[in-house]
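Here the structure comes first, spelled out in structure tokens, and everything after it is commentary.
The values are calculated or read from the model by the stated rules, or taken from the named source; none is laboratory data. Quick caveat, the model's predicted, so the values are computed rather than measured. Here Cβ is always computed from backbone atoms with ideal geometry, including for glycine, and neighbour counts include all displayed protein chains.
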Amino acid sequence: MTSPASSTDGRSARWDEHRLARRRELVEATVRAIREHGAGVGMDEVAAAAGTSKTVLYRHFTDRAGLYEAVAHRVDGTIVRGITRAAEAVDDGAARGPREVVRAVIGAYLHLVEDDPEVYRFIVNAPILPTGERPEGDVAAGMTGRIAERVAEIVRAGRGGDVDDATAHLWGTALVGMVRGAADAWLADGAARSGRSADDLADGLTALAWDGLAPDVRRSTTGAAAARGGRPPRA
């Protein structure tokens, strides 16, 4: 015989599942609204895309910050899955080197940004959040941090585990920060319309991350010295 307590627990579990499913539906509707109306989408447009009212949205997310956070979690999940698949796909039967893994991760991130620019701008710039509802500092820091954690794991695995956790975390954070900054500037310049494709940018950022600035600095210094008829300074 089923006890009243177990019946109550069952109804509660079913309600929780229904509520979570409804939240996911509303998040997907928000993403559709962003794609249709741009990063500056308003709550009225989100509600219309979801076929509901703003009251229902606030019931599920409390406020605009809650909705923004839910969309950010959805987007960072997409990016994490994308870069993970890209890193795993590098191994095509040949030996997989860590540089190729880094290039794959950077390229996957940039292609995801290129494919969904308004959603990316919505997360990075958060125009839906009024000044009083914005967290201090970088509004997209949570998303960036979660992606950086996954990148750190990928880089560490690509190096055969010979990098300690603290170093891998530092590298992951630095790599994602660099790529995000470059992606922001690239989008502002028109993305592929600027004359630089996502793959071109990925190649350049991989060279910077892997090889550093030193070779370019030496070439630049040598060229400048030759133009003056002198010798470059010793490294």
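Some observations on this one:
- Pairs linking a residue in the range 61-80 that is buried (at least 22 other Cβ atoms within 10 Å of the Cβ) to a residue that is modelled with pLDDT of 95 or more and polar (S, T, N, Q), with Cβ atoms under 6 Å and 6 or more positions apart or on different chains, are Val71/Thr30.
- Those residues of the range 129-148 which are in contact (Cβ under 8 Å) with a residue 60 or more places away in the chain, assigned to a helix (DSSP H, G or I) and among the hydrophobic types (A, V, I, L, M, F, W, C), in sequence order: Met143, Ile147
- Filter pass, Gly40 being of a type outside the set (Phe, Trp, Tyr) and not in a helix (DSSP H, G or I): yes
- Per-region count, the range 76-128, residues outside any helix (DSSP H, G or I) and either at pLDDT below 90 or among the aromatic types (Phe, Trp, Tyr) (or both): 8
- Restricting attention to the range 30-45, the residues being over 19 Å from the mean Cα position of the chain (by Cα) and under 14 Å from Tyr120 (Cα atoms) number 4.
- Pick from the range 46-60, criterion surrounded by 17 or more Cβ atoms within 10 Å (Cβ to Cβ) and in contact (Cβ under 8 Å) with a residue 12 or more places away in the chain, ranking: nearest to Tyr120 (Cα to Cα): Val46
- In the range 168-188, the qualifying residues are those that are without any contact (Cβ under 8 Å) to a residue 40 or more places away in the chain and touching a Lys or Arg at 6+ places or on another chain (Cβ under 8 Å), and the one that is surrounded by the most Cβ atoms within 10 Å (Cβ to Cβ) is Gly172.
- The condition (being on the phi > 0 side of the Ramachandran plot and modelled with pLDDT of 55 or more) is satisfied by just one residue among Gly190, Gly204: Gly190.
- Candidates in the range 146-167 are the residues that are crowded, with 19+ Cβ neighbours inside 10 Å and at pLDDT 90 or above; of these, the one that is nearest to Val105 (Cα to Cα) is Val151.
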